[in-house]
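A short write-up of the structure that comes next.
The values are calculated or read from the model by the stated rules, or taken from the named source; none is laboratory data. In this text the structure is predicted, and so the values were computed from the model without any measurement. Cβ atoms come from the backbone with ideal geometry, glycine included; neighbour counts cover every protein chain shown. These area figures cover heavy atoms from the full protein model, side chains too; ligands, DNA and RNA do not enter into them. Shrake-Rupley method; radii C 1.70, N 1.55, O 1.52, S 1.80 Å.
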Amino acid sequence: MSQKNDLKEIAKLFFKLGSIAFGGPAAHIAMMEDEVVNKRKWMTQEHFLDLIGATNLIPGPNSTEMTMHCGHERAGWKGLLIAGFCFILPAVVITSVFAWLYQEYGQLPKVEPFIYGIKPAVIAIIVMAAYRLGKKAVKNTELAILGIITLVICLLGVNEIVALFGCGALGLSIYFFKKNRDNLNSLIPLLLFQVSEPLKIGTFKIFLSFLKVGAILYGSGYVLFAFLDTELVASGWLTRQALIDSIAVGQITPGPVLSTATFIGWQMNGIMGATAATVGIFLPSFLFVLILNPLIPKMRKSKIIGVILDVVNVAAVALIIAVCIEMAKDTLTDWRTILIVVSSLVVVFVFKKLNSAFIVLGGAIIGYVLTFI
């Protein structure tokens with residue numbers, strides 16, 4: 001297949017995923033794994049896991065960076081750019097429409113009946129991905145134990161990045177202990193971030209602020225909201241209600257949650273502010289992945305880094321399971337949502353080749369119907 005056809009395939013796939021990928025990073029990665037590993041065979045399950053592990057070690061939105069990795073694997077830097085752009089585009093367009101409506105009318109459209117059924121359906125998709133990835137990630141008893149430890153401490157409320165790096169450090173310590181090394185010299189990146197001056201509403205200032213966030217944001221995109229509350233709401237440039245509504249937009253739109261930057265930028269400075277915020281928040285991810293992707297095969301060949309990747313891969317699966325459990329606690333609140341998730345689980349495990357888009361669509365329709373019962 002020519003590169004031109006490869007790029008078309010990448011564009012179609014990630015535009016589709018960007019249009020239907022509800023449920024946050026764990027769900028997005030689950031859908032990607034189904035498409036690029038199981039259906040299209042672009043890479044092995046092991047390499048996909050290595051990409052997840054490496055992505056967890058750099059700042060930025062994990063699922064968006066995974067689209068870029070997948071695009072790079074298929075068609076180099078052009079594939080990276082097209083995959084990332086096409087995945088982000090639907091969310092940005094939908095969010096822009098919501099932002100305009102919000103600015104004009106002061107409220108958001110009523111879409112809760114559809115989201116009601118999508119969330120439990122997405123849980124089933126995540127469970128299936130965790131099952132498939134877990135089978136490859138858990139290579140021995142030690143990795144299984146490390147994965148369980150990571151899962152437990154995440155459920156106890158420990159920050160996911162602390163859990164991830166802690167698991168990596170513990171796994172590396174075990175490796176060196178087994179090698180009878182007396183000293184363990186480890187380098188743990190410490191990222192400190194401060195805003196040196198109050199934010200002013202202006203296109204370039206908005207761009208710089210969101211560029212800084214995109215460059216240091218680890219873990220879940222929801223960390224974004226804590227930063228914005230401190231920097232924008234406390235400074236008086238954004239109302240807390242607008243921030244709360246931006247979180248709602250992140251929940252009801254597909255694709256990366258960081259597209260809410262588009263909504264916030266629009267409230268601050270119209271379409272120019274939305275553009276500046278969107279470009280700023282996602283630009284670092286394109287650069288990080290462009291640098292990191294070619295290094296991953298070399299990283300795997302190093303024994304020490306290979307150990308770290310194995311441990312981080314298991315920890316990443318544990319984080320996916322933890323997200324799934326938390327989602328289930330918040331989502332499965334009545335017999336309707338339980339019925340949808342059970343039905344979706346049956347479908348994903350029995351009809352393993354069924355496109356996840358149909359699971360999402362089915363959940364939305366059933367949820368809409370059941371809300372009237």
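Here are the numbers for the structure shown:
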{"read-out": "Surface share of carbon and sulfur [accessible, 1.4 angstrom probe, percent] for the chain", "value": "67 percent"}
{"read-out": "Translational diffusion coefficient (Stokes-Einstein; Kirkwood radius from C-alpha pairs) of the chain at 37 °C, 0.692 mPa s, in µm²/s", "value": "154 µm²/s"}
{"read-out": "Residue-normalised accessible area of the range 1-101, expressed per residue, 1.4 Å probe, Å²", "value": "33 Å²"}
{"read-out": "Loop trypsin sites (Lys or Arg not before Pro), the range 7-102, which have at most 12 other Cβ atoms in a 10 Å radius of their Cβ (DSSP)", "value": "K41"}
{"read-out": "Computed helical MRE - 222 nm, the chain, DSSP H runs ≥ 4 contributing -39500 (n - 2.57), nearest 500", "value": "-25000 deg cm²/dmol"}
{"read-out": "Gyration tensor (alpha-carbon) shape descriptor, the range 214-373, a/c threshold 1.5", "value": "oblate"}
{"read-out": "Net charge, E326 excluded, C-beta distance under 13 Å - Lys, Arg +1, Asp, Glu -1", "value": "0"}
{"read-out": "Using θ = phi - 60° and Karplus 6.51 cos²θ - 1.76 cosθ + 1.60, couplings along the range 336-349 (whole Hz; Gly, Pro as x)", "value": "5, 5, 5, 4, 5, 5, 5, 4, 5, 4, 4, 5, 5, 8"}
{"read-out": "Estimated FRET transfer efficiency when R0 is 41 angstrom, pair F177-D330 (beta carbons, to 0.05)", "value": "0.55"}
{"read-out": "Cα gyration tensor shape of the range 138-180, rounded if a/c is under 1.5, else prolate or oblate by comparing a/b with b/c", "value": "oblate"}
{"read-out": "FRET efficiency, W77 to V369 (Cβ-Cβ, R0 41 Å, nearest 0.05)", "value": "0.35"}
{"read-out": "Cβ-defined net charge surrounding V152, 14 Å radius [Lys, Arg +1; Asp, Glu -1]", "value": "-2"}
{"read-out": "Stokes-Einstein D in µm²/s, Kirkwood radius over Cα pairs - the range 255-346 at 25 °C with 0.890 mPa s viscosity", "value": "143 µm²/s"}
{"read-out": "15 Å reach of a label modelled at R40, 7 Å along Cα-to-Cβ, counting backbone N of the range 63-100", "value": "64-88"}
{"read-out": "Subset of K12/K329; K12/K136; K12/K298; K212/K298; K78/K136; K39/K135 violating a 23 Å alpha-carbon distance limit", "value": "K12/K329; K12/K136; K12/K298; K212/K298; K78/K136"}
{"read-out": "Sequence-distant residues sharing a close amide H with N159 (under 5 Å, placed H)", "value": "none"}
{"read-out": "Computed accessible area, Y102, all protein chains, 1.4 angstrom probe, square angstrom", "value": "30 Å²"}
{"read-out": "Sites matching trypsin sites (Lys or Arg not before Pro) across the range 85-179 that sit in DSSP coil, with at most 15 neighbouring C-beta atoms within 10 Å", "value": "K110, K139, K179"}
{"read-out": "Extension gain (nm, one decimal) between Q103 and K4, 0.36 nm per residue minus Cα-Cα", "value": "31.6 nm"}
{"read-out": "Global geometry of the range 1-125, whether rounded, prolate or oblate, following the gyration tensor of its Cα atoms and the 1.5 cut on a/c", "value": "prolate"}
